[in-house]
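Since the structure comes first, as structure tokens, the remarks are kept for the end.
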Amino acid sequence: MPATTMFYHLQHKGLDESVTTLVTRACGQGLRCMIRCADPALTDHLDAKLWLGPAEGFLPHGQEGGPHDAQQPVLLGAGPITNAAQGLFLLAGATATQAEAATLNRIWLIFDGANPAAVAAARTEWTRMTGWGLAAQYWSDETGSWVKKTEKPAAPAP
């Protein structure tokens, strides 16, 4: 079954908090994850934040390009998935391919609601990914808590 894409529209919560929470939950469900980010400075920043880990403990991870990429439960980078991830986080304009999406359980696209270009890019990705037949959910934190605003089911297989 192809991935469900979950679009997270940040309006109150910060990126650091949101990514840490979502990645921790995904790992708790036994998913290996890739955090794909088109901005190397943001990748470095998130790497440092994840070393601090969630309040409950350490979140094992690494940046791509190391000798143990394939073993990382969470891998950060801009390149292809090399750690057998079942979940893919897309940040700062990063995208997925249709072939990748077909191998994943879940995709999270997290975008800044205060950035009109990021909102427009997320809308484009919604159209593109649902056009592939993926299920999609749109979540907003406009009230301070995450609320699912809309959902589109996966298209039936041909």
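The values are calculated or read from the model by the stated rules, or taken from the named source; none is laboratory data. It should be emphasised that the depicted structure is a prediction, and the values quoted were computed from it without experimental measurement. Every residue, glycine among them, receives a Cβ derived from its backbone with ideal geometry; neighbour counts consider all protein chains shown. Accessible surface is based on the protein model in full, side chains and every heavy atom, while ligands, DNA and RNA are left aside. Shrake-Rupley method; radii C 1.70, N 1.55, O 1.52, S 1.80 Å.
Anything in the stretch 112-124 that is open to solvent by 20 Å² or more (accessible area, probe 1.4 Å) and within 15 Å of the chain's Cα centre (by Cα)? List them, or say none.
Asp112, Ala118, Ala121
Going through the stretch 106-150 one residue at a time, which ones are polar (S, T, N, Q) and assigned to a strand (DSSP E or B)?
Hits for the stretch 106-150 are Gln137, Ser140, Thr150.
Looking at the stretch 66-87, is at least one residue among the charged types (D, E, K, R) and within 25 Å of Glu17 (Cα to Cα)?
yes
Within the stretch 47-62, can you find the residues that are in contact with a helix residue (DSSP H, G or I) (Cβ under 6 Å, 6 or more places away or on another chain) and either of a type in the set (A, V, I, L, M, F, W, C) or modelled with pLDDT of 95 or more (or both)?
Leu59
So, Leu88, is that one buried (at least 21 other Cβ atoms within 10 Å of the Cβ) and of a type in the set (A, V, I, L, M, F, W, C) or not?
Yes.
Which of the residues spanning the stretch 14-26 are out of contact with any Asp or Glu (no Cβ under 9 Å at 6 or more places or on another chain) and either under 13 Å from Leu76 (Cα atoms) or open to solvent by 40 Å² or more (accessible area, probe 1.4 Å) (or both)?
Within the stretch 14-26, Asp16, Glu17, Val19, Thr20, Thr21, Val23, Arg25 meet the criteria.
Cβ-Cβ under 7 Å, sequence separation 6+ or interchain: first residue in the stretch 114-130 and among the polar types (S, T, N, Q), partner at pLDDT 95 or above and surrounded by 11 or more Cβ atoms within 10 Å (Cβ to Cβ). Which pairs?
Thr130/Ala136; Thr130/Lys152
Any chance the stretch 16-34 includes a residue that's over 23 Å from Leu134 (Cβ atoms), assigned to a loop (DSSP other than H, G, I, E, B), in contact with a helix residue (DSSP H, G or I) (Cβ under 8 Å, 6 or more places away or on another chain) and in contact (Cβ under 8 Å) with a residue 24 or more places away in the chain?
no
What are the residues in the stretch 90-105 that are touching a strand residue (DSSP E or B) at 6+ places or on another chain (Cβ under 7 Å) and assigned to a loop (DSSP other than H, G, I, E, B), if any?
Within the stretch 90-105, Ala92, Ala94, Ala96, Leu104, Asn105 qualify.
Quick check on my filter: what residues within the stretch 108-145 are out of contact with any Asp or Glu (no Cβ under 9 Å at 6 or more places or on another chain) and among the aliphatic types (A, V, I, L, M)?
Correct list: Ile110, Ala114, Ala117, Ala120, Ala121, Ala122, Met129, Leu134.
Would you check if there is a residue in the stretch 65-83 being outside any loop (DSSP other than H, G, I, E, B), open to solvent by less than 60 Å² (accessible area, probe 1.4 Å) and modelled with pLDDT under 95?
No, the stretch 65-83 contains no residue that is outside any loop (DSSP other than H, G, I, E, B), open to solvent by less than 60 Å² (accessible area, probe 1.4 Å) and modelled with pLDDT under 95.
Where the second residue is at pLDDT 85 or above and open to solvent by 70 Å² or more (accessible area, probe 1.4 Å) and the first is under 16 Å from Met34 (Cα atoms) and lies in the stretch 47-63, which pairs have Cβ atoms under 7 Å and are six or more apart or on separate chains?
Cβ pairs passing all conditions: Gly62/His68.
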